[in-house]
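Have a look at the structure below before the remarks.
The values are calculated or read from the model by the stated rules, or taken from the named source; none is laboratory data. Please read these numbers as outputs of a predicted model, since none were measured by experiment. Note that each Cβ is placed from the backbone with ideal geometry, even for glycine, and that neighbours are counted across all protein chains shown.
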């Protein structure tokens, strides 16, 4: 026995790794793009869908026949045409049967094929299926040489390369898929509108994208809903082949009597699972993120019915729905990426007009191929009919030849100038066909075929006749999918609407009174209700800690925390930890360094303007809106000079017209507020001049009311100095000794 002594290592070829990898990956990428993920512009199908429908056709699962188990179909598909996983093939089949996934389902399913709640279909051994009339329309012409066939993966069978039917499946049912380096996402459209636009393209091949929008309003989604984009945005998306459509649920208000009402959602956006949508809304209620909503109920049966109960009868329905549109999938974006394989199997992004024009061009090719096929069939039949007529005209002689000749076929061909097919057909005639009446029927059939042959020949030779025939055929299809039919009625309304309005904070957060406590070591908490601020000392604190700031607020407030480095931070009052325990370190909520102290903490709603001053006596007025920060890092508002720090942050009332400044040197100065600039950030101007020490306190007041300060003690008495003229001077002066009884710590 001969042995192969070739060393396998001699067959190894040195090749750069990167080029070898790129070549192999390119082969995989091209296979994924052209044979798996992207649909063909001509029939809108991927190979798995085409093979599924073809297998069902061969199983004679037409709409008039009975159902067959899906396992039988899946077995045929993966055994003959599509050598992939059975679950992936069955999943594709299930989607073709779901009326909430496909605008015009191609498979008629019997059994559990999933639902809009997001439940999965039953296993394929339990479900049954057959084709729908739409699938029959899509495959019409396969028996008339309207499409090319190719061998299957093992060469034992034949399968069509595409479907020739006169149904605009790509745009009518849409498609989605992710390939390598590219993807496709096409929403469903209304078939009647697509056919109207196609007829217009036949008459006006040079029509632009805008002309298509005279017929096509926008997507027509299986689950209905409302497309709320402006016409300009829709037109741009269709012109470029890329974009998205903003789709909202359809809702209405039901009057419950006595001034009460409830909102009812009857249609949800395309691609949204109802079960998860209900969970989203319920989570909003549980987390109190939309307090004006009290309850949600799913009362759906065959039709979607989601009931929303407001917190009270005074809630504005539009505000409630705007909140839900912003916070849930009751409003989504349906993407458009018209990336398809063109007639040369090349992937590219097309505009709506280009895709429809490519489909129309394909239909003209199909029309010519079907015509040529019919002409060939007519020629074959007429050849046989001519032979039959000759046989009837010479019936006695034909019988005599058959009875007397051992090989009658050559004799008949020679004597009557017959072709081989004609002679064979005559010899295969049944005796019961040899009637005189048969000749008349043959001549009538031949005359009819001859007339049809002439018409088809004229059709092939005239583009104008082809356009007329195409429009007539499209009109017949449109009758089956017109707006007056159950399947053709438009489900999605296209109506422009403004984006969902910003919801008032009071609607997002339940408004409740709280008492905010910040300790000296930076632990913050919020007690329910407006408690006694004087009792803050009696609360529990960590050892060595005590209260620093305590004030009343609402859960809807934003709190401003000013650090002594001049940086302002914003805290949401509803996010503060509860009053149980010691709270939480405020430095965990914001980016505040350990060596930076807290100068002030107050509600942002306390005043429209704030008076800020540094320890070196410089300050200015800043608007509250300018100090609110959106991030944890805060916003630098005051930039103290080296060695100085932010010492005071005070609210300014609308009626305040003067500023009082007290220094560590026990000097008091009063000057008009008009001398103080209003700034968004900076160092400010000098409020008071010091020879030693710095600023102790500053506040704004109404000059006519005089200046008041707390006397201290258990009674908490205050003292008012009505005449402040002796201390009045220009900004930046040194000031003079304060009135009798002014606090020894020099603070107001």
Quick one: would you say residue 625 is farther than 27 Å from residue 664 by Cα and crowded, with 17+ Cβ neighbours inside 10 Å? no
Look through region 299-310, keep the residues that are touching a residue at least 12 places away in the same chain (Cβ under 8 Å) and surrounded by fewer than 16 Cβ atoms within 10 Å (Cβ to Cβ), and return whichever of them is farthest from residue 335 (Cα to Cα). 307
Just to check your reading of the model, which residue among 470, 429, 412 is without any contact (Cβ under 8 Å) to a residue 40 or more places away in the chain and either surrounded by 12 or more Cβ atoms within 10 Å (Cβ to Cβ) or out of contact with any strand residue (DSSP E or B) (no Cβ under 9 Å at 6 or more places or on another chain) (or both)? 412
Which of the numbered conditions does residue 590 fail, given that it passes all the others? Conditions: (1) free of Cβ contacts under 8 Å to residues at least 60 places away in the same chain; (2) outside the structural domain of residue 734 (by TED's automatic domain parsing); (3) on the phi > 0 side of the Ramachandran plot. (3)
Considering residues that are over 18 Å from the mean Cα position of the chain (by Cα) and in contact (Cβ under 8 Å) with a residue 60 or more places away in the chain, the number found within region 155-190 is 18
Sort through 674, 708 and tell me the only one that's surrounded by fewer than 15 Cβ atoms within 10 Å (Cβ to Cβ), over 20 Å from residue 743 (Cβ atoms) and either in contact (Cβ under 8 Å) with a residue 12 or more places away in the chain or out of contact with any helix residue (DSSP H, G or I) (no Cβ under 9 Å at 6 or more places or on another chain) (or both). 674
Residue match in region 488-505 (condition: in a helix (DSSP H, G or I) and under 30 Å from residue 164 (Cβ atoms)): no
Just name the residue that is farthest from residue 105 (Cα to Cα) out of those in region 136-153 that are touching a residue at least 60 places away in the same chain (Cβ under 8 Å) and in a loop (DSSP other than H, G, I, E, B). 153
Assess whether residue 721 counts as being free of Cβ contacts under 8 Å to residues at least 40 places away in the same chain, more than 24 Å from residue 621 (Cα to Cα) and touching a strand residue (DSSP E or B) at 6+ places or on another chain (Cβ under 8 Å). yes
Does residue 103 satisfy being loosely packed, with under 15 Cβ neighbours inside 10 Å, not in a helix (DSSP H, G or I) and not assigned by TED's automatic domain parsing to the domain that holds residue 361? no
Taking strands (runs of 3 or more DSSP E) that do not extend beyond region 221-294, which have at least 3 residues that are surrounded by 17 or more Cβ atoms within 10 Å (Cβ to Cβ)? 242-248, 260-267
Kindly provide the set of residues from region 321-358 that are more than 26 Å from residue 204 (Cβ to Cβ), outside any loop (DSSP other than H, G, I, E, B) and without any contact (Cβ under 8 Å) to a residue 60 or more places away in the chain, ordered by number. 324, 327
Report yes if some residue within region 577-597 is outside any loop (DSSP other than H, G, I, E, B), in contact with a helix residue (DSSP H, G or I) (Cβ under 8 Å, 6 or more places away or on another chain) and either at pLDDT 90 or above or surrounded by fewer than 17 Cβ atoms within 10 Å (Cβ to Cβ) (or both); otherwise report no. no
Of the residues 501, 497, 507, which single one is closer than 30 Å to residue 268 by Cβ, crowded, with 20+ Cβ neighbours inside 10 Å and at pLDDT below 90? 507
